[in-house]
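The values are calculated or read from the model by the stated rules, or taken from the named source; none is laboratory data. Here the structure is a predicted model, which is why all the values come from computation and not from measurement. Glycine gets a Cβ as well: all are built from the backbone with ideal geometry, and neighbour counts include every protein chain shown.
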Amino acid sequence: MARRPASSNTVRLIAGELGGRKIRFPDARGLRPTADRTRETLFNWLLNDIQGSHCLDLFAGSGALGFEAISRGADHVTMIDASGQVVRQLQENARILNVDKRVTVQCVKATNYLSAYEHQHQKTLYDIVFLDPPFADNQLQQVVDLLFSVNCLADRAKLYLERDLKQNMPVLPENCMVMRDKKAGQVAFSLLEYCR
């Protein structure tokens, strides 16, 4: 299968202060930016929650979700990705967009970031978490379990999950409810709310 030319590896931010700007992303295994229509739906769902929020993007990839959150008024986004190449591009995009003071990028596996959370000196309680792991890795349940066990979520935190339609919704704790659920092509995406 032919690879896309690198110049086509761009995503356009949809709305907000950075609306219309494009961000670049490298070719990396499992990296597939969230589709424009899906992002538009998600951020319509988050309309009343995004302003002033602290967000965690655990599989940042292209950065489309995290930078869209910043564009629409999030105070800060922590972007996590295990690929050094991806992380370097995310840092470069934050610099080019002049939002590097509102974005933290770390090169670490999502599971390792969550496992180390309890030992951080300054703990941020996240208002919004984006979970869009590579489908082939099949690690959504493991990451969801860790996320709820490390006490990093604010009360009424919103969680966005994106998964292959063939994958089941992960098992959730009783204090986490599915607020919205939708399908687009072979992708299912959901918005959850967590109550402490």
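Just a few scattered comments:
- One residue stands out among those in the range 9-18 that are of a type outside the set (Val, Ile, Thr), modelled with pLDDT of 90 or more and assigned to a loop (DSSP other than H, G, I, E, B): the one that is surrounded by the fewest Cβ atoms within 10 Å (Cβ to Cβ), which is Glu17.
- Selection status of Ser53, more than 22 Å from Leu153 (Cβ to Cβ) and hydroxyl-bearing (Ser, Thr, Tyr): no
- Asp49 meets all of the listed conditions (1) part of a strand (DSSP E or B); (2) over 13 Å from the mean Cα position of the chain (by Cα); (3) within 19 Å of Ser190 (Cβ to Cβ) but one, namely (1).
- Selection from the range 43-68 of residues that are closer than 24 Å to Pro26 by Cβ, in contact with an Asp or Glu (Cβ under 8 Å, 6 or more places away or on another chain) and of a type in the set (Gly, Ala, Ser): Ala60, Gly61, Gly63, Gly66
- Filter result for Ala60 (buried (at least 24 other Cβ atoms within 10 Å of the Cβ) and either of a type in the set (A, V, I, L, M, F, W, C) or over 12 Å from the mean Cα position of the chain (by Cα) (or both)): yes
- Scan the range 127-153 for residues that are under 16 Å from Arg196 (Cβ atoms), surrounded by fewer than 20 Cβ atoms within 10 Å (Cβ to Cβ) and out of contact with any Cys (no Cβ under 9 Å at 6 or more places or on another chain) and the total you get is 3.
- Pair list, Cβ under 7 Å, 6 or more apart: the range 113-126 residue closer than 14 Å to Val144 by Cα and of a type in the set (S, T, N, Q), other residue surrounded by 12 or more Cβ atoms within 10 Å (Cβ to Cβ) and modelled with pLDDT of 85 or more: Ser115/Leu146
- Residue within the range 160-167 that is in contact with a Lys or Arg (Cβ under 6 Å, 6 or more places away or on another chain), closer than 25 Å to Ser83 by Cβ and surrounded by fewer than 20 Cβ atoms within 10 Å (Cβ to Cβ) present: no
- In a residue-by-residue description of the range 105-113, the property of being in a loop (DSSP other than H, G, I, E, B), at pLDDT 90 or above and at negative phi applies to at least one position.
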